[in-house]
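Notes to accompany the following structure.
Please treat every number below as a calculation from the coordinates, not as lab data. Since the structure is predicted, the reported quantities are computational estimates derived from the model, not experimental observations. All Cβ positions, even for glycine, are placed from backbone atoms using ideal geometry, and neighbour counts span all protein chains on display.
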Amino acid sequence: MKKKLIFVGSRSGMSTLAAVPESMGIEILGILDSHYWGNTTHIAGIPVIGDERWLLDPDNLLANQWKETCTFFPANWHDGSQTNGLDDLRLARIDLMDQAQVDVCNLIHPSAAVFGLTSKYGNFKIGKGVLIQANSVVFADDVEIGDYCAFEIGSMVTHTATIGRNVLASAKTFIYNCNIQDNAYLGIFSRLNAVPGKNKILQIGKNVTVWNSAEVTKNIPDDHFYTSDSRILKKTLKKEKHD
């Protein structure tokens, strides 16, 4: 019997995300979200059942029961527009799940062709908390996917790709011959493809944001944007807040 699923956090397009566990035959118990608990009963028809911070409270009997009987998945998402290229709330909730040591599942739509899950010949590794949406294709030939990555509808990962932690790929992205570091965001219709004879493996740094429809053929350093007209722009990092 499959464990019931609890989403940690929420996002716009929650119904699209929820369609993946539904297609896998996984029952959704509800959403833990401190921003909605107490003032919102449902999000996209999914009940809001509590505050994600309960998972860190050893005296919370209900949360402890969930930790024993349920599986969890991070539902926050960002659009790549943040000045530092990542969503602090998503990272905080990922960190919370790791601290709470909950069972984190992968959500892979049945229509996604993930050859690494079925072939004993491929060199393929996949972490936890990974989303692979409908009609995506992931090959098994030297592909490694880190924890908490997401590949939206129609994404493609071909071969020789190492993808770090919390890499978010929008719909119709194409990834080939790349080393992508943590917290990168790849815009819709973007293509990351090493140029033969120029760069054997494309190097994409941490906290990089690739703009929509960009054709990436150059290495991108940490904390930079890659624009749709192939410019590389340094990000302005957020200033620290002082009390």
Next on the checklist: Please pick out the residue among LEU131, LEU192 that is buried (at least 20 other Cβ atoms within 10 Å of the Cβ), under 29 Å from PRO110 (Cα atoms) and out of contact with any helix residue (DSSP H, G or I) (no Cβ under 8 Å at 6 or more places or on another chain).
Outcome noted: LEU192
Checklist entry - Looking at the stretch 151-171, is at least one residue free of Cβ contacts under 8 Å to residues at least 12 places away in the same chain and farther than 24 Å from ASP103 by Cα? => result no
Next on the checklist: Suppose we keep only residues that are surrounded by fewer than 20 Cβ atoms within 10 Å (Cβ to Cβ) and either aliphatic (A, V, I, L, M) or under 19 Å from PHE7 (Cα atoms) (or both) within the stretch 134-145. Which one would you say is farthest from the chain's Cα centre (by Cα)?
Outcome noted: ALA140
Next on the checklist: Please determine whether any residue of the stretch 115-127 is under 13 Å from the mean Cα position of the chain (by Cα) and under 22 Å from TRP211 (Cβ atoms).
Outcome noted: no
Checklist entry - Which of the residues that make up the stretch 134-165 are small (Gly, Ala, Ser), out of contact with any helix residue (DSSP H, G or I) (no Cβ under 6 Å at 6 or more places or on another chain) and more than 18 Å from ALA75 (Cα to Cα)? => result SER136, GLY154, SER155, ALA161, GLY164
